[in-house]
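Working notes, beginning with the structure itself.
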Amino acid sequence: MAGAVDLSGLKNRADAQAKSAGSGGNSGGDSGGAGASVVEVTEANFQAEVVDRSMQVPVVVDLWATWCQPCKQLSPILEKLAGEGGGSWVLATIDVDNNQRIAQLFGVQSIPTVIAIAGGQPVEAFQGMQPEEQIRQWITSILDSQRDQLPGIRAAEQGAGAAEEEQEDSRFTAAEQALERGEYAAAEQAYQSILDAEPDNEQAKAALAQVRFTARAESADPGAIERAEGAPDDVEAQLAAADAELAQQRVEDAFNRLIGTVRRTSGADRDRVREELLEMFGLFPEGDQRVANARRSLASALF
């Protein structure tokens, strides 16, 4: 459709209507504001809401009518996707019965008709009801093809990314505040909820390990080390002693104790000790030589 439709033809008519109505250029419908993702468009605000706005982001025009049953299915999908778009594109809804000149301009023969406008010109279109996923892919392809031409797309996407990052930070802030109050169970639950949603979040993994150790270290009994020496096969005693050693900054002693326990155990006990040791590794910065040495020793103990 590119180049086939001259959208500027409505501008003079809209200006004339605006002057006669004394409305300042919008004689029908609520445009929803300059930042709205869904706007109601008439001949009076077509230039501003469709043509002008399409110079910044794509505008998807939904041509519909109250009597059109497929329109009642399609329009809510478009509105939902527009809301999810975060301002990277705008949905312009147009009632063809009340805006016949616009329908004639686009040569609409059936509804619903959906037309994407970018840079002041139609670029893509489809007619009839479509599945949501297919419409989503259609919109994505338009954004991909226009991202370098329309500055508003990248700006909206960057803004959405910043908002998402801020939301992630707020989750960590809540966990950190619980930790500062000494509410270890609450902090552990907060970090775990992040990992439930994002299993590969390394920051949350490290923080969770720190919380768990801090809770254990506060109640670590220095006498556990002496008791563990007399009970080398007692897994609970060895774990408690390793916590006490780590709390005393005896890092290598703690690592060696648990590696020795791995060598002496099997099955569920061995897995538990290995997991505790790996969690301890997570307390130290990447590249720590003590951790590197312990990892090699653990590999030797396991295999």
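Only the coordinates and a few stated rules stand behind these numbers; no lab work does. Because the structure is a prediction, the values reported are computed rather than measured. Note that each Cβ is placed from the backbone with ideal geometry, even for glycine, and that neighbours are counted across all protein chains shown.
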| task | Quick one: net charge around Asn256, please, counting Lys, Arg +1 and Asp, Glu -1 for every other residue with C-beta under 12 Å from its C-beta. | result | +1
| Quick one: which of 94-100, 254-260 comes out on top by average Cβ neighbours within 10 Å, and what's the full order, highest first? | 254-260, 94-100
| message | Using a 10 Å cut-off around each Cβ, can you sort Glu157, Glu229, Glu133, Glu43 from fewest to most neighbouring Cβ atoms? | response | Glu133, Glu229, Glu157, Glu43
| request: Set Lys and Arg Cβ to +1 and Asp and Glu Cβ to -1, take the dipole of the stretch 34-86 about its Cα centre, and tell me which of Gln47, Ile77, Leu63 lies farthest positive. | output: Ile77
| request: Compare the peptides 263-271, 120-128 by average per-residue count of other Cβ atoms within 10 angstrom and give them in order, highest first. | output: 120-128, 263-271
| message | Multiplying the sequence separation of Glu226 and Phe172 by 0.36 nm and subtracting their Cα-Cα distance, what value in nm do you get? | response | 15.6 nm
| query | trypsin sites (Lys or Arg not before Pro) within the stretch 177-241: which are DSSP loop residues with at most 10 other Cβ atoms inside 10 Å? | reply | Arg181
| With contacts defined as alpha carbon pairs under 8 Å and 6 or more residues apart, what's the relative contact order of the stretch 60-143 in percent? | 37
| field | Cβ crowding within 10 Å averaged over residues, with 83-90, 275-282 ranked highest first | value | 83-90, 275-282
| field | Selection of chymotrypsin sites (Phe, Trp or Tyr not before Pro), the stretch 40-72, meeting DSSP coil and at most 10 other Cβ within 10 Å | value | Trp67
